[in-house]
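The values are calculated or read from the model by the stated rules, or taken from the named source; none is laboratory data. Every value quoted in this text rests on a predicted model; they were computed, and no experiment measured them. When we count neighbours, we look across all protein chains shown, and the Cβ atoms used for this are built from the backbone with ideal geometry, even at glycine.
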Amino acid sequence: MATNRRVERVAELIKREVSQMLLNGIKDDRVGTGMVSVTDVDVSGDLQHAKIYVSIYGTEEAKAETMAGLKSATGYVRSELGARVRLRRTPEVIFVEDNSIERGTKVISLLNRIRDERSVDTSPNDD
């Protein structure tokens, strides 16, 4: 059970450090084209791999550009993590675009539309 807690702590630490790097560490202009935030970090049980989920706000073109910039910055991010986080081995870093916020917004708008249609159908007629 202690290893699960350790994996969670390492994931939170990586999330915090990568968020700081996104704010003022990564110099790639492509990363600045969209608003980027780290939504989650999934670290493998052996702490060798870290999937960093990022939410990117902007056009599809800006999202693609930002993801390209993040993928090219993985070496920098990994070396910075190695310097900032004390682990025996620095995990391999993989950036994954997180579309859950967009999906959630879409589901909410669909639910609102259904609610509005039902309220129109059930409203009393003024005959």
Restrict the check to region 101-120 and report whether at least one residue is out of contact with any Ser or Thr (no Cβ under 9 Å at 6 or more places or on another chain) and among the acidic types (Asp, Glu). yes
Check on LYS15, on the phi < 0 side of the Ramachandran plot, modelled with pLDDT of 90 or more and not in a strand (DSSP E or B): yes
Across region 71-84, what is the number of residues that are in contact (Cβ under 8 Å) with a residue 40 or more places away in the chain and within 12 Å of ILE52 (Cα to Cα)? 1
Taking region 25-38 on its own, how many of its residues are buried (at least 18 other Cβ atoms within 10 Å of the Cβ) and assigned to a strand (DSSP E or B)? 2
Quick one: which residue in VAL120, VAL77, VAL107 is β-branched (Val, Ile, Thr) and under 24 Å from LEU13 (Cβ atoms)? VAL77
Filter region 50-78 down to the residues that are in a strand (DSSP E or B) and of a type outside the set (Lys, Arg) and list them by number. ALA50, ILE52, TYR53, VAL54, SER55, ILE56, TYR57
Just one of THR105, THR74 is β-branched (Val, Ile, Thr) and surrounded by 14 or more Cβ atoms within 10 Å (Cβ to Cβ); which is it? THR74
Being touching a strand residue (DSSP E or B) at 6+ places or on another chain (Cβ under 9 Å), modelled with pLDDT of 90 or more and among the β-branched types (Val, Ile, Thr) narrows it down to one residue among VAL43, VAL36; which is it? VAL43
Name every residue in region 84-100 that is modelled with pLDDT under 90 and either small (Gly, Ala, Ser) or surrounded by 13 or more Cβ atoms within 10 Å (Cβ to Cβ) (or both), in order of residue number. ARG84, VAL85, LEU87, THR90, ASP98, ASN99, SER100
Name the residue, out of LEU47, LEU81, that is in a helix (DSSP H, G or I) and crowded, with 18+ Cβ neighbours inside 10 Å. LEU81
Checked against (1) exposed (fewer than 14 other Cβ atoms within 10 Å of the Cβ); (2) in contact with a strand residue (DSSP E or B) (Cβ under 6 Å, 6 or more places away or on another chain); (3) of a type in the set (D, E, K, R), LYS63 satisfies every condition except (1)
